[in-house]
1. In region 114-137, which residue that is among the hydrophobic types (A, V, I, L, M, F, W, C) and farther than 15 Å from Ala84 by Cα is modelled with the lowest pLDDT?
2. With Trp115, Trp202 as the choices, which residue is assigned to a helix (DSSP H, G or I), within 16 Å of the chain's Cα centre (by Cα) and either among the β-branched types (Val, Ile, Thr) or loosely packed, with under 13 Cβ neighbours inside 10 Å (or both)?
3. Which of the residues spanning region 167-188 are closer than 18 Å to Asn205 by Cβ, of a type outside the set (A, V, I, L, M, F, W, C) and surrounded by 12 or more Cβ atoms within 10 Å (Cβ to Cβ)?
4. Can you find, within region 19-73, the residue that is surrounded by the most Cβ atoms within 10 Å (Cβ to Cβ) among those that are acidic (Asp, Glu) and closer than 19 Å to Asp196 by Cα?
5. Please specify each residue of region 134-190 satisfying the condition of being within 30 Å of Met228 (Cβ to Cβ), more than 16 Å from the chain's Cα centre (by Cα) and not in a helix (DSSP H, G or I).
6. Could you identify the single residue in Ala208, Ala212 that is surrounded by fewer than 18 Cβ atoms within 10 Å (Cβ to Cβ), touching a strand residue (DSSP E or B) at 6+ places or on another chain (Cβ under 8 Å) and under 19 Å from Pro139 (Cα atoms)?
7. Looking at Ala190, Ala126, Ala208, which one is without any contact (Cβ under 8 Å) to a residue 24 or more places away in the chain and among the aliphatic types (A, V, I, L, M)?
Amino acid sequence: MRLLGVDGCRVGWLAVLRTVGTDPEVKWFRSTEELFAGINDADIVAIDIPIGLSDNGSRLADMEARRLLAPTRSSSVFPAPVRAALEASSWEEASDLSAAACGKRLSRQSFEIMWRIREVDGALRANTELSSRVREIHPEVCFYFWNGRRPMAHAKRTPEGLAERRALIESEFGPVLNELWRSVPRGVAAMDDLADAFAALWTANRIASGSALTVPAAPPCDRFGFPMQIVA
């Protein structure tokens, strides 16, 4: 079984691939199209991107995730946009569409990843076989459960934050972080992107073993049938 953990990075997507019984390897993809073209042999893909999208309000998944991560990491969960906002070409337009749909304007952080959400949503809606293998994760929610249901104490871009995430990664996968980081071309990603991809891979392992959890426990689906959930 081939498992993939994926995180957005400066230049597209960074992924950690592991065939069960072998060491992880790192891959990077310049675009969403290249990502999905390159993972046809992956059985489970855990990706840090909202998938199921509400038409008219905040997702329960995001609200519950923020409660789990309080007080230290709750701000890392950006509210997913309502589906109507995906068609916007500017933050102002997206905010107007969001306000019309649910009464709330869109955060700039959410708008900055809108193109990724739009492209992943389009790919999954166009390919039901692909959508059956792809699951939404959030790295900080993954680390929360990985860390014995305790949020990380430090932000991921600090030395202390990297150290506590490295400890979890090496407890599961061995001392692989530095070796794999050396194989990432300069300027493509940051070290915290690689750590987040490992959090996604950890969750892909749990999906494969049947031990993964969802936030919320009984997720509703959006109008296209995608569960509005964060898997960990």
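The values are calculated or read from the model by the stated rules, or taken from the named source; none is laboratory data. All values reported here derive from a predicted model rather than from experimental measurement. FYI the Cβ positions are ideal-geometry reconstructions off the backbone, even for glycines, and counts take in every protein chain you see.
1. Leu130
2. Values: Trp202 fails: either among the β-branched types (Val, Ile, Thr) or loosely packed, with under 13 Cβ neighbours inside 10 Å (or both).
Of the residues listed, the single one that is assigned to a helix (DSSP H, G or I), within 16 Å of the chain's Cα centre (by Cα) and either among the β-branched types (Val, Ile, Thr) or loosely packed, with under 13 Cβ neighbours inside 10 Å (or both) is Trp115.
3. Glu170, Glu172
4. Applying the first criterion (acidic (Asp, Glu)) to region 19-73 yields 23, 25, 33-34, 41, 43, 48, 55, 62, 64.
Checking the rest, the ones that are also closer than 19 Å to Asp196 by Cα come to 23, 25, 48, 62.
Numbers: Asp23: 11, Glu25: 13, Asp48: 26, Asp62: 19.
Checking each candidate, the answer is Asp48.
5. Asn147, Gly148, Arg149, Arg150, Pro151, Met152, Ala153, His154, Ala155, Arg157
6. Values: Ala212 fails: surrounded by fewer than 18 Cβ atoms within 10 Å (Cβ to Cβ).
Within the list Ala208, Ala212, the selection yields Ala208.
7. Working: Ala190 fails: without any contact (Cβ under 8 Å) to a residue 24 or more places away in the chain; Ala208 fails: without any contact (Cβ under 8 Å) to a residue 24 or more places away in the chain.
On inspection, the qualifying residue turns out to be Ala126.
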